[in-house]
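K.L.:
Please see the structure below; I have some questions.
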Amino acid sequence: MRTCSSCQRELPEIYRYCTECGSSLDGSTRSPSTPQDIAPEELNLQILYGMVAMLLLALLFPPWEAPPSQDPEFLGLHFILSPPIPEAVISRLLITIELVTIAIAGLYGAFLFRKR
């Protein structure tokens, strides 16, 4: 058993630091890390800006599908002011999947390539 020189607590031999006061048991001084010493991590803003641009493009070029009176058919990605055929409708399910996928991929990419 070792005795801590600061608080006089008995500790096992394998401990390098006192569990009570945190001082080193081998006699060396330990400098506590302060929050100023640790640099904060920042998300990659270029990827976040790219995500916003992709979300805007997804809204400008939504997926269209055939009108309810016809058989279900994916009509593609057309500009919102020029739908593929009269009475074609924007596929709400596909646009939701597209927007959520872009947002998750953008946030994950910004975190993955964050500045350390």
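K.L.:
Counting each DSSP H run of 4 or more residues in the chain as -39500 (n - 2.57), what helix-only mean residue ellipticity at 222 nm follows after dividing by all residues, to the nearest 500 deg cm²/dmol? Walk me through the numbers on the way to the answer.
P.N.:
Numbers: 2 runs with 37 residues, N = 116.
The helix contribution divided over the chain gives -11000 deg cm²/dmol.
K.L.:
With θ set to phi - 60° and the Karplus curve 6.51 cos²θ - 1.76 cosθ + 1.60, what are the ³J(HN,Hα) couplings of the range 40-45 in order, to the nearest whole Hz, using x for Gly and Pro?
P.N.:
Per residue, the Karplus-derived 3J(HN,Hα) values read x, 7, 10, 5, 6, 5 Hz.
K.L.:
Spin-label point model (7 Å from Cα, Cβ direction): what's the Ser23 to Gln8 distance in nm?
P.N.:
1.2
K.L.:
Right, another one. Given a Förster distance of 35 angstrom, what is the FRET efficiency for Glu42 paired with Arg16, based on the Cβ-Cβ distance and rounded to 0.05?
P.N.:
Details: r = 33 Å, r/R0 = 0.95.
The pair Glu42/Arg16 has a calculated efficiency of 0.55.
K.L.:
Heavy-atom accessible area per residue, the chain, 1.4 Å probe: how many Å²?
P.N.:
Working: 8880 Å² over 116 residues.
Here the per-residue accessible area is 77 Å².
K.L.:
Mind checking the angle between helix 92-112 and the chain's longest principal axis? C-alpha axes, 0 to 90 degrees, to the nearest 10.
P.N.:
Once rounded, the angle reads 30 degrees.
K.L.:
Mind jotting down the three principal axis lengths of the chain based on Cα atoms? Whole angstrom, largest first.
P.N.:
Here the Cα extents, ordered largest to smallest, are 85, 27, 16 Å.
K.L.:
Would you please give the residues with an amide H less than 5 Å from that of His78, counting only those at least 5 places away or on a separate chain, with H modeled from the backbone geometry?
P.N.:
Trp64
K.L.:
Count the net charge of all other residues whose Cβ sits under 14 Å from the Cβ of Gly76, scoring Lys and Arg as +1 and Asp and Glu as -1. Could you put the intermediate results ahead of the total?
P.N.:
Working: positive: none; negative: Glu65, Glu73, Glu98.
Once positives and negatives cancel, what remains is -3.
K.L.:
Separate question: Set the Förster radius R0 to 30 Å, insert the Cβ-Cβ distance between Phe74 and Tyr49 as r into 1/(1 + (r/R0)^6), and round the FRET efficiency to 0.05.
P.N.:
With a Förster radius of 30 Å, E is 0.50.
The values are calculated or read from the model by the stated rules, or taken from the named source; none is laboratory data. Values in this document were obtained by computation on a predicted structure and should not be read as measured data. We place every Cβ from the backbone using ideal geometry, glycine too, and count neighbours over all the protein chains shown. Please note that ligands, DNA and RNA were not included when accessible areas were found on the heavy atoms of the full protein model with its side chains. Shrake-Rupley method; radii C 1.70, N 1.55, O 1.52, S 1.80 Å.
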